[in-house]
Amino acid sequence: MTNNQELDALFASLADPTRRAILARLAEGPATVTDLAKPFAMALPSFLQHLRRLEEGGLIETTKQGRVRICTLRAGALAPARAWMEAQRLLWEERHDRLEAYLSTLMQGSDDAR
């Protein structure tokens, strides 16, 4: 997957409130699929689709222990999103600084014209 595809999958995974709630629960520690599904009023196959999207987005990992599937958060999974947002922040700060400097020169020019 390219960087853009990874970011797309990551942000798509985060876009759904059910998936964000699952991530919030997993922030407390690993959990079984059954335990994760309990608070949600949906059929298990629908819930499993949410888990699949989280796995595709690189946010969680699942392992099987006997007949039980355990879900855990992936360490550093949000690093690509954090890096992208930081790059966007720097870009917009630079643009803001340039606009501020431009407006300052305009204001000085209008003061000089008086």
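Here are the numbers for the structure shown:
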{"read-out": "Breaking point among (1) open to solvent by less than 90 Å² (accessible area, probe 1.4 Å); (2) touching a residue at least 60 places away in the same chain (Cβ under 8 Å), for Gly109", "value": "(2)"}
{"read-out": "Cβ-Cβ under 7 Å pairs, at least 6 apart or on other chains, segment 23-37 side of a type in the set (A, V, I, L, M), far side part of a helix (DSSP H, G or I) and open to solvent by 30 Å² or more (accessible area, probe 1.4 Å)", "value": "Ala31/Arg25; Leu36/Arg25; Ala37/Leu44"}
{"read-out": "Residue that is least open to solvent (accessible area, probe 1.4 Å) [pool: residues in segment 5-38 that are among the polar types (S, T, N, Q) and within 12 Å of Gly57 (Cα to Cα)]", "value": "Ser13"}
{"read-out": "Residues within segment 77-89 that are open to solvent by 90 Å² or more (accessible area, probe 1.4 Å) and free of Cβ contacts under 8 Å to residues at least 12 places away in the same chain, tallied", "value": "3"}
{"read-out": "Options Ala9, Ala43: the member that is within 17 Å of Leu73 (Cβ to Cβ), among the small types (Gly, Ala, Ser) and free of Cβ contacts under 8 Å to residues at least 60 places away in the same chain", "value": "Ala9"}
{"read-out": "Asp97 being surrounded by 13 or more Cβ atoms within 10 Å (Cβ to Cβ) and not in a loop (DSSP other than H, G, I, E, B)", "value": "no"}
{"read-out": "Failed condition for Asp35, given (1) closer than 27 Å to Gln5 by Cα; (2) out of contact with any Asp or Glu (no Cβ under 6 Å at 6 or more places or on another chain)", "value": "(1)"}
{"read-out": "Residues being among the aliphatic types (A, V, I, L, M), surrounded by 15 or more Cβ atoms within 10 Å (Cβ to Cβ) and part of a loop (DSSP other than H, G, I, E, B) - total across segment 39-76", "value": "1"}
{"read-out": "Residues of segment 1-38 that turn out to be part of a helix (DSSP H, G or I) and β-branched (Val, Ile, Thr), as a count", "value": "4"}
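The values are calculated or read from the model by the stated rules, or taken from the named source; none is laboratory data. Keep in mind that what you see is a predicted model, and the values were worked out from it rather than measured. As a convention, Cβ positions derive from the backbone with ideal geometry for all residues, glycine included, and neighbour counts pool all protein chains shown. These area figures cover heavy atoms from the full protein model, side chains too; ligands, DNA and RNA do not enter into them. Shrake-Rupley method; radii C 1.70, N 1.55, O 1.52, S 1.80 Å.
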